[in-house]
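Here the structure is laid out as structure tokens; the discussion comes afterwards.
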Amino acid sequence: AGTFSGQVSAGTLTDGTATITAGAISGATSGSFSTTLTATGNVTGGNLVTAAAMDSATINTTGEATLASATISDLTDGRVVLAGTAGAIEDSTNLTFNGSTLGVTGAITASTTVTATGNVAGGNVTTAGQVQADNIDSTNAIVGGSTITATGNVAGGNITTAGRVDATGTIEGGT
């Protein structure tokens, strides 16, 4: 056993289980350092375990990395994380989430049904298909490109058309 301080240079250094040759450590089943271990080349093989922060410009792996937690300093709070160019983790000002509201700036394209259990509020609803609803409350005009069909009563206000009105029941007018 020996104690060294400062830099130790040798062709081969063996401590019983580990051998250091030309800067490579081999044969060690475990090791510990009470201060700093500095590698100017690659650290390869096995697992690298640290109890404190590890400073590095880049961590490269050809396999899978499992992290208990990750802090990525160039992300912004409230933005949804997505995969960017070459798989880089990034966020966008156009996609946000505050815990209860998902915000989208730009178009939403859906290839199937969009379902809302609450109100759909704001701007225009445009569709190439049908809009089905149990009840429509409108403070402005309801405009149909061809046919508006009502299976119940149409109540209140005026019905204005440039075409004809077909009715299977009674049409009553006010005074």
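The values are calculated or read from the model by the stated rules, or taken from the named source; none is laboratory data. Since this is a predicted model, take the numbers as computed values, not measurements. Because the Cβ atoms are built from the backbone with ideal geometry, glycine has one as well, and the counts that use them run over all protein chains shown. Calculation scope for accessible area: heavy atoms of the full protein, side chains included, ligands and nucleic acids excluded. Shrake-Rupley method; radii C 1.70, N 1.55, O 1.52, S 1.80 Å.
Dipole check for the stretch 67-175: with +1 at the C-beta of Lys and Arg, -1 at the C-beta of Asp and Glu, and the Cα centre as origin, the magnitude is about 200 Debye. Legend: calculated FRET efficiency, Ala107 to Ala83, from the Cβ-Cβ distance at R0 = 22 Å, rounded to 0.05, equals 0.65. Shown for the stretch 110-175: the carbon plus sulfur share of the solvent-accessible area, taken with all protein chains present and a 1.4 angstrom probe, equals 45%. Averaged over its residues, the stretch 88-175 has an accessible area of 99 Å² per residue, based on protein heavy atoms and a 1.4 Å probe.
Distance between the pseudo-spin-label points of Ile148 and Thr50 (7 Å out from Cα toward the beta carbon): 6.8 nm.
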